[in-house]
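Peer 1: Can you read through this structure? Questions will come right after.
Nothing in this text is a laboratory measurement; each read-out follows from the coordinates by a stated rule. It should be emphasised that the depicted structure is a prediction, and the values quoted were computed from it without experimental measurement. All Cβ positions, even for glycine, are placed from backbone atoms using ideal geometry, and neighbour counts span all protein chains on display.
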Amino acid sequence: MVKNITFRNGKIRYSDRGNGRVVLLLHGFLESIEMWQYFNRKLEGYRRLICVDLPGHGGSDSYGYEHTMEFMAEAVKAVLNTEQIRKCIIVGHSMGGYVALAFGEKYPDYLHGLVLYYSHPFADSLAKKKDRDRAALLVSQNVQGFVRASIPMLFAEKYRTRYKRNIQTLIRRAEKMSAQGVADALRGMKKRKDREIVMHFAPYPVMWVLGALDPIINIEEMELASQTCTNCIVKVLPQSGHMGFIEDKQQSLAAVRWFVNKIYGAPVR
Ligand code: MLT
């Protein structure tokens with residue numbers, strides 16, 4: 001079921017499916033709750049799945065000049081409060097992972113576990129911050145052009161032809177976003193702080209799913225960083241780029257399902 005709540009005078013849309021212990025799924029930049037269709041189908045038989053459209057994305061409103069990761073985390077908390085959910089596992093894809101870590105820092109008691117799904121805990125480099133400024137400018141001139149150019153680049157090069165239709169679908173959905181919503185997220189990501197420490201000292205288990213073919217995350221750097229995270233279970237999927245929910249959906253689902261079952265116990269069928 002798709003629902004809406006009012007949060008800070010705006011609308012936040014989310015879906016609520018299945019029964020059982022709660023897994024909350026957060027999409028990445030330019031995405032929406034629709035990205036989780038496969039996960040919903042496979043898990044809803046025995047888990048309750050809440051997917052939230054982050055501010056400015058999908059059916060959720062844009063709020064202003066920037067959507068910080070903390071602000072987005074507050075929107076997620078408002079959904080949990082509405083549903084009277086006291087604790088859950090959060091899975092965050094890329095930008096959704098940044099939001100999950102901001103949530104984990106602010107509300108650690110609300111988490112049974114956290115999955116960084118093709119994401120990482122680091123702040124933007126100086127070069128990346130400049131890229132964000134350039135992107136925000138481009139978005140103000142031609143948001144659809146920005147969306148059309150950006151989405152294919154999230155896929156590993158070898159998949160860009162194979163998943164052409166999926167790419168078109170993602171583009172069609174993202175083209176509906178307002179320039180404001182896209183730019184607000186860019187500015188929010190630019191401003192985010194490093195949260196490696198949150199991940200290292202989290203009082204809940206953390207899983208870090210990475211794609212060996214990810215074109216936008218430096219996998220060698222991440223693997224090195226992950227060695228010092230004693231709290232993390234790291235899974236590098238050899239056939240995934242950044243968009244494992246399409247490029248390697250079975251394996252990436254298997255990784256998440258394994259982690260969820262480890263925390264909640266295997267489902268009784
Ligand atoms: C995403 O997929 O959410 C973004 O590419 C993350 C980012 O730009 O840092």
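Peer 1: For Cα pairs less than 8 Å apart in space and 6+ apart in sequence, what is the mean separation divided by the residue count of the stretch 1-141, i.e. the relative contact order in percent?
Peer 2: So the answer I get is 22 percent.
Peer 1: Which percent of the Cα-Cα distances in the stretch 152-269 go past 24 Å?
Peer 2: Value for the stretch 152-269: 42 percent of Cα pairs lie more than 24 Å apart.
Peer 1: May I pose another question? Can you work out ³J(HN,Hα) from phi for every residue in the stretch 51-59, in order, using Karplus 6.51 cos²θ - 1.76 cosθ + 1.60 and θ = phi - 60°, giving whole Hz and x for Gly and Pro?
Peer 2: Values per residue, Gly and Pro as x: 10, 10, 7, 5, x, x, 10, x, x Hz.
Peer 1: In terms of modelled amide H atoms, which long-range or inter-chain residues lie less than 5 Å from the amide H of Leu26?
Peer 2: Amide H neighbours of Leu26: Val91, Gly92, His93.
Peer 1: Let me ask something additional. Per residue, how big is the convex hull around the C-alpha atoms of the chain? Give it to me in cubic angstrom, could you? Each step should come with its number before you reach the end.
Peer 2: Details: hull volume 31.2 nm³, N = 269.
About 116 Å³ per residue, rounded to a whole number.
Peer 1: Gap in Å between the Cα centre of the stretch 150-175 and the Cα centre of the stretch 1-58?
Peer 2: If you average the Cα positions of each part, the centres end up 21 Å apart.
Peer 1: Largest first and in whole Å, give the semi-axes of the stretch 11-107's equivalent ellipsoid, each being the square root of 5 times a Cα gyration tensor eigenvalue.
Peer 2: 20, 14, 12
Peer 1: What number, in percent, do you get for the relative contact order of the stretch 184-269 if the mean sequence gap of Cα pairs under 8 Å and at least 6 apart is divided by its residue count?
Peer 2: 28
Peer 1: Once phi is turned into θ = phi - 60°, what whole-Hz ³J(HN,Hα) does the Karplus curve with 6.51, -1.76 and 1.60 give for every residue of the stretch 243-260, x standing for Gly and Pro?
Peer 2: In residue order, the calculated couplings are 10, x, 5, 10, 5, 8, 5, 5, 5, 6, 5, 4, 5, 5, 4, 4, 5, 4 Hz.
Peer 1: So, one more: How much net charge surrounds Arg160 when only the other residues with a Cβ under 14 Å from the Cβ of Arg160 are counted, with Lys and Arg +1 and Asp and Glu -1?
Peer 2: Combined, the nearby Lys, Arg, Asp and Glu give +2.
Peer 1: What are the ³J(HN,Hα) values, in whole Hz, obtained from phi via the Karplus relation 6.51 cos²θ - 1.76 cosθ + 1.60 with θ = phi - 60°, for each residue of the stretch 213-228 in sequence order, with x given for Gly and Pro?
Peer 2: Rounded to whole hertz, the list is 9, 4, x, 10, 10, 6, 5, 5, 4, 5, 5, 5, 4, 5, 5, 8.
Peer 1: Over the chain, what is the mean sequence separation of C-alpha contacts under 8 Å (at least six apart), divided by residue count, expressed as relative contact order in percent?
Peer 2: 20
Peer 1: Pairs on different chains or at least eight residues apart, Cα atoms closer than 19 Å: how many lysine pairs in the stretch 1-98 fit?
Peer 2: 4
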